[in-house]
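Structure first, then comments.
The values are calculated or read from the model by the stated rules, or taken from the named source; none is laboratory data. Everything quoted here is computed from the prediction, not taken from an experiment. Ideal geometry is used to build each Cβ from the backbone, glycine not excepted, and the neighbour counts take in all protein chains shown.
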């Protein structure tokens, strides 16, 4: 799984810098960039370049920024970036809104980036940031021991890992179709029993589910919304609700070259159990 986050800073004089931070969760292997903003084209180009170098993940884990969601108000719309992920066989997982601590590994990385790169360097402009960033990326990959990995550097983890990369001649289309796959939303259920995703509210039984964490999974090919709850980390997630999820846009099958095994949770059962 790859983790993604944006970090915004301003140079003396007011020029905005947006850090694009992508991190392979298992390998702690970063792929970084700095841009003036976060348009769908820039983010998509960044992701393609990252996956051409460090390989494709099974899932991309990120927050609820509108650049990912595609719309701040329209229902059941899927952003260019989500479509890109699905077309490459990558599931998308959204953390709960306004809860950056739900992505703790990338948040910890951001703190190191801030203290060991942003605050230690003097930058004149965006081009200067871009020129100096590879040195920090190289430092993290090859020289920084991590306490969570027995003080090994990322380069010492999984030394025989062979990534599955996006082809070097891959052409990023301006408009992307909607591809079969799964989009996950980790959500807290409100006291009223409802939860929201893609500008739409869904209702569960308040007495049973208020205050609990659920994972809502949009299955595009089946046009279903599956709701899971995991009572305990030692137990498998349980399907507790299922909704029809009609999509006006045609959904095409995933190209065979991008089909990869996925954890069982990502292949929802077809019926809701009578007891959970």
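Annotations for the structure displayed:
- Some residue of region 131-151 being assigned by TED's automatic domain parsing to the domain that holds residue 54, surrounded by 11 or more Cβ atoms within 10 Å (Cβ to Cβ) and farther than 27 Å from residue 17 by Cβ: yes
- Here residue 6 does not qualify as more than 30 Å from residue 244 (Cβ to Cβ) and assigned to a helix (DSSP H, G or I).
- Condition met for residue 129 (more than 30 Å from residue 184 (Cα to Cα), in contact with a strand residue (DSSP E or B) (Cβ under 6 Å, 6 or more places away or on another chain) and part of a helix (DSSP H, G or I)): yes
Residue by residue, here is whether (1) within 13 Å of the chain's Cα centre (by Cα); (2) part of a helix (DSSP H, G or I) holds:
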| residue | (1), (2) |
| --- | --- |
| 51 | no, yes |
| 55 | no, no |
| 61 | yes, no |
| 72 | no, no |
| 76 | no, no |
| 81 | yes, yes |
| 84 | yes, yes |
| 93 | yes, no |
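- Filtered by the rule that a residue be part of a loop (DSSP other than H, G, I, E, B), surrounded by fewer than 17 Cβ atoms within 10 Å (Cβ to Cβ) and modelled with pLDDT of 90 or more, region 207-236 gives 210, 211, 212, 221, 222, 223, 230.
- Failed item in (1) modelled with pLDDT of 95 or more; (2) at negative phi; (3) out of contact with any helix residue (DSSP H, G or I) (no Cβ under 7 Å at 6 or more places or on another chain), with residue 192 passing the rest: (3)
- Hits in region 238-253 - residues which are without any contact (Cβ under 8 Å) to a residue 40 or more places away in the chain and surrounded by 10 or more Cβ atoms within 10 Å (Cβ to Cβ): 238, 239, 240, 241, 242
- Test: residue in region 90-98 that is assigned by TED's automatic domain parsing to the domain that holds residue 187, over 19 Å from residue 12 (Cβ atoms) and exposed (fewer than 13 other Cβ atoms within 10 Å of the Cβ): yes
- Selection within region 12-26 - outside any strand (DSSP E or B) and within 24 Å of residue 182 (Cα to Cα): 25, 26
- Subset tally (residues that are closer than 21 Å to residue 132 by Cα, in contact with a helix residue (DSSP H, G or I) (Cβ under 9 Å, 6 or more places away or on another chain) and touching a residue at least 24 places away in the same chain (Cβ under 8 Å)) for region 1-59: 25
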